[in-house]
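One structure is given below, encoded as structure tokens.
The values are calculated or read from the model by the stated rules, or taken from the named source; none is laboratory data. In this text, all values refer to a predicted model and were calculated from it rather than measured experimentally. A quick note on method: Cβ atoms are made from the backbone with ideal geometry, for glycine too, and the neighbour counts reach across all protein chains shown. Surface areas here come from the heavy atoms of the whole protein model, side chains and all, with no ligands, DNA or RNA. Shrake-Rupley method; radii C 1.70, N 1.55, O 1.52, S 1.80 Å.
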Amino acid sequence: MTLSGKVMVTGGAGYIGSHAVLALLDAGYRVVVIDNLVTGFEWAVDRRADFVNIAVEDAGVRDVIRDHDVQAIMHFAGSVVVPESVQNPLKYYRNNTAATRALIESAAENGVKHFIFSSTAATYGNPTKVPITENDPQLPINPYGMSKLMTEAMLRDVAAAHPINYGALRYFNVAGADPQQRSGQSTVGATHLIKIAVEAATGKRAAVGVFGTDFATRDGTGVRDYIHVSDLADAHVAALAKLIEAPSDSFTFNCGYGRGFSVLEVLDAVDRVTNMTIERRIEGRRAGDPAELVADNSAILAALDWTPKRAELDGIVRDALAWERKLAELGK
Ligand code: UFG
């Protein structure tokens, strides 16, 4: 399945977007990346893709769509730090909701046929049960989740009114790096557990804080469904193929493996992979952390031509660690 025109990847210089660019190129698609490089890096964009430094809400995006014959958009650009969204909600409603509204308008008015949106498990808020299915209540507990939920609603309405279909993919905890080390998580000041743990393993930090040991989980620490970024990127390519194959159908899927690991289990995996013992510092709970987030992924497995290949936790850690070492070598 392919397209005569290009796929435009917003945020293609960022962590997940740069991996989606690799997966699209490897699958034979032609790609144009737009990114304003606020958090992304131009060096993270594969050279086979075209690159335009522009914000998604800029009116010039219409020219990019026309000049590059863009037929599909994968939209990764946005702000992603949950606590920051609580401090500065309007930044999230601007960068995520309002900017995406402008992008969808540029798409709909310039003949883009397919739209894939990075949504999040944060739209579920505190789940009433795990694993979480797509039809469970969406009651976000922070502006980040709400900003993404509002975009899901816009897409539903726009797809009903215009000749465009969409796939909303609700990510669980994305981790790891391209197994060929062409990209990885390079974010400065990252807050995500596996990134922090491999930074500790490479000497960038002294220890890892364990945020809460009194959750109702098997060892008292938070449980998450960690998904390898390359499997997630492949899910986007499979989602695009589906949108092309069935142009009047749209869909929303959880992206996870359907199994969870606790914070201590993740740190044990890092110890196994590095053959070291990372120092754990037991700290209090972080505000707003749910005990357990695990995806029911039966819908995506049934609907898309996608088979997860990298669910093994040690492999996810190994790839994240290899990228962290490469960043250190490059002085980044
Ligand atoms: N954690 C620690 N120490 C750390 C960092 C994290 O113990 O230094 C714990 C957290 O408390 C949590 C787990 O590790 O239990 C995972 O935390 P992350 O920060 O890695 O990820 P989150 O689950 O908080 O965030 C993820 C996504 C967000 C999304 C959110 C939905 O990264 O984009 O899930 O709740 F919004």
Could you check ARG259 against (1) farther than 23 Å from ARG156 by Cβ; (2) of a type outside the set (Phe, Trp, Tyr); (3) open to solvent by less than 20 Å² (accessible area, probe 1.4 Å) and say which number it fails?
(3)
Among the residues of region 191-208, what is the count of those that are surrounded by fewer than 15 Cβ atoms within 10 Å (Cβ to Cβ), small (Gly, Ala, Ser) and either more than 12 Å from the ligand (Cβ to nearest atom) or free of Cβ contacts under 8 Å to residues at least 40 places away in the same chain (or both)?
2
With respect to ALA168, is the statement that it is more than 8 Å from the ligand (Cβ to nearest atom) and without any contact (Cβ under 8 Å) to a residue 60 or more places away in the chain true?
no
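One line per residue, one yes/no per condition, for (1) touching a residue at least 12 places away in the same chain (Cβ under 8 Å); (2) surrounded by 20 or more Cβ atoms within 10 Å (Cβ to Cβ); (3) outside any helix (DSSP H, G or I); (4) among the charged types (D, E, K, R):
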residue: ALA20; (1), (2), (3), (4): yes, yes, no, no
residue: LEU24; (1), (2), (3), (4): yes, yes, no, no
residue: THR39; (1), (2), (3), (4): yes, no, yes, no
residue: PHE51; (1), (2), (3), (4): yes, no, yes, no
residue: GLU57; (1), (2), (3), (4): yes, no, yes, yes
residue: ARG66; (1), (2), (3), (4): yes, no, no, yes
residue: ALA72; (1), (2), (3), (4): yes, yes, yes, no
residue: GLY78; (1), (2), (3), (4): yes, yes, yes, no
residue: VAL86; (1), (2), (3), (4): yes, no, no, no
Can you tell which of ALA122, ALA99, ALA161, ALA107 is of a type in the set (Gly, Ala, Ser), within 16 Å of the chain's Cα centre (by Cα) and either open to solvent by less than 20 Å² (accessible area, probe 1.4 Å) or at pLDDT 95 or above (or both)?
ALA122
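Okay, residues lined up against (1) within 17 Å of the chain's Cα centre (by Cα); (2) at pLDDT 95 or above; (3) surrounded by 23 or more Cβ atoms within 10 Å (Cβ to Cβ); (4) under 30 Å from ASP157 (Cβ atoms):
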{"residue": "GLN185", "(1), (2), (3), (4)": "yes, yes, yes, no"}
{"residue": "VAL210", "(1), (2), (3), (4)": "no, yes, no, no"}
{"residue": "THR217", "(1), (2), (3), (4)": "no, yes, no, no"}
{"residue": "ASP225", "(1), (2), (3), (4)": "yes, yes, yes, yes"}
{"residue": "ALA235", "(1), (2), (3), (4)": "yes, yes, yes, yes"}
{"residue": "ALA241", "(1), (2), (3), (4)": "no, yes, no, yes"}
{"residue": "ALA246", "(1), (2), (3), (4)": "no, yes, no, yes"}
{"residue": "CYS255", "(1), (2), (3), (4)": "yes, yes, yes, yes"}
{"residue": "ALA287", "(1), (2), (3), (4)": "no, no, no, no"}
With polar (S, T, N, Q) and within 30 Å of GLN181 (Cα to Cα) as the only criterion, which of SER106, SER79 stands out?
SER79
